[in-house]
């Protein structure tokens, strides 16, 4: 179900009822008085609810469409940056203002940069939202050799910081190498490499109007290496904040340490 469409319909219906009541209040009130076996029964509560909910729904719709939108992380492809059960906020304004529902850009604001954690519509099924890190911009040559990343021939800096255990379930634990990766001086993020998994050497040239993305959990991510580039029209926004986290893997409930954390 497209929540944006449902929200738009709710705003339209409540807004229409509110407008009709404003313009033709006496007629509307008479219309909502219905006869029943018990006599006269007031049905005007429909209008009252519409008037109460319309401004709330309108504000939510505007914020969700043009400012920020919440998402939930369903998989471990962005470990350790994002964990399964994280609830995040995405900046919808960062990559341009788009009309809701039709996704037509009406105002150019900015474009993705190397290292951005980006939410987008999956190119093979636009009904599905994906989240990955931007590693290639239009015109870039992205090379992945020996599990090292190169952009336009320049190696992206990586430093080993230790190990990281991925707990997929109670019976399975994968030990991975944790590294700090940096596209820009002074800005780092963590990635994971599983030395026991084989990876192909690849090279891609990113076409104009497209982006190349990869998950931080490099050996357990379904990303541009396998299904291609992300078209500019599929962009949703930049993930920037974890507002809630539920430990759905370990079954420990609220993950308090991750709440109110910035996304690097």
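Taken over the stretch 83-110, the criterion of being within 15 Å of residue 210 (Cβ to Cβ) and free of Cβ contacts under 8 Å to residues at least 24 places away in the same chain is satisfied by no residue. Against the definition (surrounded by fewer than 18 Cβ atoms within 10 Å (Cβ to Cβ), under 23 Å from the mean Cα position of the chain (by Cα) and either over 25 Å from residue 231 (Cβ atoms) or at pLDDT below 95 (or both)), how does residue 155 come out, yes or no? No. Condition (residue is over 26 Å from the mean Cα position of the chain (by Cα) and assigned to a strand (DSSP E or B)) applied to the stretch 96-105: is it met by at least one residue? The answer is no; no qualifying residue exists. Answer yes or no as to whether residue 115 is over 24 Å from residue 86 (Cα atoms), assigned to a loop (DSSP other than H, G, I, E, B) and at pLDDT 95 or above. No; evaluated as a whole, the condition is false for this residue. Residue 121 falls short on exactly one of the conditions (1) under 16 Å from the mean Cα position of the chain (by Cα); (2) under 19 Å from residue 243 (Cα atoms), and that condition is (2).
Residues in the stretch 123-156 that are without any contact (Cβ under 8 Å) to a residue 60 or more places away in the chain, closer than 18 Å to residue 206 by Cα and assigned to a loop (DSSP other than H, G, I, E, B): 152, 153, 156.
Looking at (1) over 26 Å from residue 248 (Cβ atoms); (2) under 25 Å from the mean Cα position of the chain (by Cα); (3) surrounded by 15 or more Cβ atoms within 10 Å (Cβ to Cβ), which is the one condition that is false for residue 208? Single failed check for residue 208: (3).
Answer yes or no: is there a residue in the stretch 205-224 that is without any contact (Cβ under 8 Å) to a residue 24 or more places away in the chain and not in a strand (DSSP E or B). Step through it out loud before you land on a result.
We begin by selecting, within the stretch 205-224, every residue without any contact (Cβ under 8 Å) to a residue 24 or more places away in the chain; these are none.
Looking through the stretch 205-224, none of the residues is without any contact (Cβ under 8 Å) to a residue 24 or more places away in the chain and not in a strand (DSSP E or B).
The values are calculated or read from the model by the stated rules, or taken from the named source; none is laboratory data. None of the values given here were measured: they were computed from a predicted structure. A quick note on method: Cβ atoms are made from the backbone with ideal geometry, for glycine too, and the neighbour counts reach across all protein chains shown.
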